[in-house]
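The values are calculated or read from the model by the stated rules, or taken from the named source; none is laboratory data. Since the model is a prediction, treat every value here as computed from it, not as a measurement. Note that we place each Cβ from the backbone using ideal geometry, even for glycine, and neighbour counts take in every protein chain shown. Quick note on the areas: whole protein, heavy atoms, side chains included, nothing else; ligands and nucleic acids left out. Shrake-Rupley method; radii C 1.70, N 1.55, O 1.52, S 1.80 Å.
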There are 2 protein chains.
Amino acid sequence: MDHSGILKNISKHISLTKAECDHFISLLEFKKIPAKQLLLNAGEICKHSSYVISGCLRGYMVDKDGFEHVLNFAPQDWWIGDMQSMINQVPGNLNIEALFETEVLMLSKEHQENLYLKIPKFERFFRIITEKSLIAYQQRLMDNLSLTAHDRYLKFCSTYPTLINTIPQKQIAAYIGVTPEFLSKLKAKYLKEH
Amino acid sequence: MDHSGILKNISKHISLTKAECDHFISLLEFKKIPAKQLLLNAGEICKHSSYVISGCLRGYMVDKDGFEHVLNFAPQDWWIGDMQSMINQVPGNLNIEALFETEVLMLSKEHQENLYLKIPKFERFFRIITEKSLIAYQQRLMDNLSLTAHDRYLKFCSTYPTLINTIPQKQIAAYIGVTPEFLSKLKAKYLKEH
DNA sequence: TTAATTTCTTAATCTAGATTAAGAGTTTTT
DNA sequence: AAAAACTCTTAATCTAGATTAAGAAATTAA
């Protein structure tokens, strides 16, 4: 098992000794999720944060009319989980699905809490990535209130450049907040080259 | 100066000794902002997190057509700041304005960083409130993608019950993402009693 | 490989919410 | 207290994006 990716990800924000790295790695659980299979079901209590080694996950909710809305994508090197469910330890509304075969390293909430006590630098690490995530959601919310669907599509492309041609268009539509039909129309009209 | 409110707010998540409380309080700067005056201007680098003692602030952005979009309100007992600007120390897009005369306690980024080192429990405190904030923005984003303007108005009412009749309607419209005219129409049609 | 399923496109029609405009309240300024 | 400046409402018209429908492409399953 190659842990260099996750360690490099962490070293962007905190410095760990060899022993701390080893301890951290011992807490991780490897999992391979086949394409289209769920890593988390809405209704479950989320018990892990997951780091994507390869492949791609998407977190989505289903509204009362059965329409899916994509909260986030997690390609290689991103963390994902149902924060609402995990923090409050209540059943969540989020489904997390593999768009194709995906490998993850999972850190349980319990291990994460212990890690904060044993190696307080991890409290800093998760504070920092939570702050960065918060900033991204604040910006996306403002974008949803102020930009046209066309401009939101362009923003999607710059946020997730690796996904533009690898995931189904309807997933992009469910992320930017339009119907697949309308995104198709937009692309035909303005976005020939993407 | 009465610091009982902010200490009670902090004690919801971490326990401090008397000395730690005193140290923390010594770092805070009191400020009174007159109604309609800005605490932060877009274009400035945000240098403080502010805790509202009394009154109410709103954080908003102005889009390319001059329309305002409200990111958040901060009534009594809430924290506010331009996270994007503060964390990256770059000029921000957020204006923070007092809706009426408002009293705040401001913690500078510099003091906040030192506090993490001197009293690591504060790293935990800010991790926790950042997580809660993240969850709220994720939910609001999903609400914006899945709910009608009418349902978003009702959600606003439950999130900020104290503001329904105290702030201008147009500010609520700029928060839920509709024009003031449309909110007025909605209220006339469905929301007689609110 | 064929059939079945899923995804994408095009096009006609429809609607939630925007825009424009103008009058009525309300608050603030002088 | 009058004038100026906001804020709210109502109503007509307009539009970005939804809905419905149906065929074409592409994937997946058998």
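Considering only residues that are surrounded by fewer than 13 Cβ atoms within 10 Å (Cβ to Cβ) and either closer than 23 Å to A:N93 by Cα or touching a residue at least 24 places away in the same chain (Cβ under 8 Å) (or both), which ones fall in segment A:3-57?
Across segment A:3-57, the qualifying residues are A:S15, A:E29, A:F30, A:P34, A:A35, A:K36, A:Q37, A:G43.
Test B:Y153 against the criterion of being touching a helix residue (DSSP H, G or I) at 6+ places or on another chain (Cβ under 7 Å) and free of Cβ contacts under 8 Å to residues at least 12 places away in the same chain, and give yes or no.
no
Please indicate, with yes or no, whether at least one residue in segment B:32-39 is closer than 27 Å to A:Q139 by Cα, at pLDDT 95 or above and touching a Pro at 6+ places or on another chain (Cβ under 7 Å).
No, because not a single residue in segment B:32-39 is closer than 27 Å to A:Q139 by Cα, at pLDDT 95 or above and touching a Pro at 6+ places or on another chain (Cβ under 7 Å).
Tell me which residues, restricted to segment B:174-194, are more than 9 Å from DNA strand D (Cβ to nearest atom) and in a loop (DSSP other than H, G, I, E, B).
If the condition is that a residue be more than 9 Å from DNA strand D (Cβ to nearest atom) and in a loop (DSSP other than H, G, I, E, B), then B:G177, B:V178, B:L191, B:K192, B:E193, B:H194 are the ones that fit.
Considering only residues that are hydroxyl-bearing (S, T, Y) and either open to solvent by 20 Å² or more (accessible area, probe 1.4 Å) or assigned to a strand (DSSP E or B) (or both), which ones fall in segment B:96-121?
B:T102, B:S108
For segment A:56-77, which positions are away from DNA strand C (no atom under 16 Å from the Cβ) and small (G, A, S)?
Once the filter is applied, which keeps residues that are away from DNA strand C (no atom under 16 Å from the Cβ) and small (G, A, S), segment A:56-77 yields A:G59, A:A74.
Output the residues belonging to segment B:133-173 that are surrounded by 16 or more Cβ atoms within 10 Å (Cβ to Cβ), within 12 Å of DNA strand D (Cβ to nearest atom) and not in a helix (DSSP H, G or I).
B:I167
Would a scan of segment B:174-181 turn up a residue that is exposed (fewer than 15 other Cβ atoms within 10 Å of the Cβ) and away from DNA strand C (no atom under 14 Å from the Cβ)?
Within segment B:174-181, none of the residues are exposed (fewer than 15 other Cβ atoms within 10 Å of the Cβ) and away from DNA strand C (no atom under 14 Å from the Cβ).
Out of everything in segment A:62-95 that is in a strand (DSSP E or B) and more than 9 Å from the chain's Cα centre (by Cα), what residue ends up being farthest from the other protein chains (Cβ to nearest Cβ)?
Restricting to residues being in a strand (DSSP E or B) and more than 9 Å from the chain's Cα centre (by Cα), the top hit is A:P91.
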